[in-house]
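Read through the structure below, which is laid out as structure tokens, and then see the notes.
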Amino acid sequence: MNFSKKGLGIACAIGVLAILTGSHSAMAKDTQDKTVVSVERTAKGGTTHVNTNGRKSLEERIHDILYPQPEVTPEPVVEAKPVEQPVQVVEDNEMNIMGGAVATREQCVRYLLKHNPHPLLNTSPEKLVDYYYEEASREGVRPDIAFAQALKETGYFRYGGTVIPAQNNYCGLGTTSASVKGAFFETPQVGVRAHIQHLLAYASTKSPTTPVVDPRYEMVRSSYGENTLDEWQDLNGRWAVPGVGYGQSILDYYHAILES
């Protein structure tokens, strides 16, 4: 009788599994295991099936021997590295009127209270600084240096000159002489907004994002047209008259804030 290679392999596999099955059946009897082993012969082909509770059938085991599955080596788990966020660097071109803040709000408040623990304000020092950062940032003006200008103009909010605290006027807007008090603003925030808009009138041709409350805004814009003043030193003789060293003195206040 001639057998093909595949048929011979199947016969060998059946023989091995038959021995294994008998061995397992004997062990099941000796240990009184409850596993039920049944041997059935089918009507077709006389193929024997061995069914064991929780185990593979004879056909499944023969298939595993003839067609072994290749071992799959699990790939090593590589932990994902956190994505590094780029560090945003604020460019400190302190000469420019336009730009972002470098000094923090806390530094501004700390420096003010160091020189005047009881400023004459109609709001808290912290809230006033918040107004400067909100209003100036909205218009693109340096909030920290604008606040430094307010410290200079008001003497750390002690006043003592023509302007009085009730005016909420933090930059001497409209004060042209010792007898002219200048502009009044209904709230501290509106007073800060007027200050920022006045700086914007000098430094930019764009209109404010909020309704104009600076009473001298249109006068400055009509005078300068397409021309602008870029740096704080450019305010010398313009914001203040004669104004020698006016812009430089504002930057001195700003440097002191940074060191506070």
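The values are calculated or read from the model by the stated rules, or taken from the named source; none is laboratory data. Since we're looking at a predicted model, the values are computed, not measured. Note: ideal-geometry Cβ built from the backbone for every residue, glycine included; neighbour counts use all protein chains shown. Side chains are part of the model used for accessible areas, which takes the heavy atoms of the whole protein and leaves out ligands, DNA and RNA. Shrake-Rupley method; radii C 1.70, N 1.55, O 1.52, S 1.80 Å.
Evaluate the range 181-190: report whether one residue or more is at pLDDT below 95, in contact with a Gly (Cβ under 6 Å, 6 or more places away or on another chain) and either among the polar types (S, T, N, Q) or under 21 Å from Asp130 (Cβ atoms) (or both). No - not one qualifying residue is present in the range 181-190. Restricting the range 199-230 to residues that are among the charged types (D, E, K, R) and either touching a helix residue (DSSP H, G or I) at 6+ places or on another chain (Cβ under 9 Å) or assigned to a helix (DSSP H, G or I) (or both) leaves a set whose member that is most open to solvent (accessible area, probe 1.4 Å) is Glu218.
Looking at the range 99-150, which of the residues that are closer than 23 Å to Val190 by Cβ and of a type in the set (S, T, N, Q) is surrounded by the fewest Cβ atoms within 10 Å (Cβ to Cβ)? My answer is Ser124.
Every condition in (1) at pLDDT 95 or above; (2) among the hydroxyl-bearing types (Ser, Thr, Tyr); (3) assigned to a loop (DSSP other than H, G, I, E, B) is met by Tyr254 except one, and the failing one is (3). The residue pairs whose first member lies in the range 217-235 and is at pLDDT 95 or above, whose second member is surrounded by fewer than 16 Cβ atoms within 10 Å (Cβ to Cβ) and of a type in the set (Gly, Ala, Ser), and whose beta carbons are closer than 8 Å, counting only pairs six or more residues apart or on different chains, are Leu235/Gly243. Give the range 181-198 a look and list any residue that's open to solvent by less than 50 Å² (accessible area, probe 1.4 Å) and touching a residue at least 24 places away in the same chain (Cβ under 8 Å), or say none. Within the range 181-198, Ala183, Phe185, Pro188, Gly191, Val192, Ala194, His195, Ile196, Gln197, His198 qualify.
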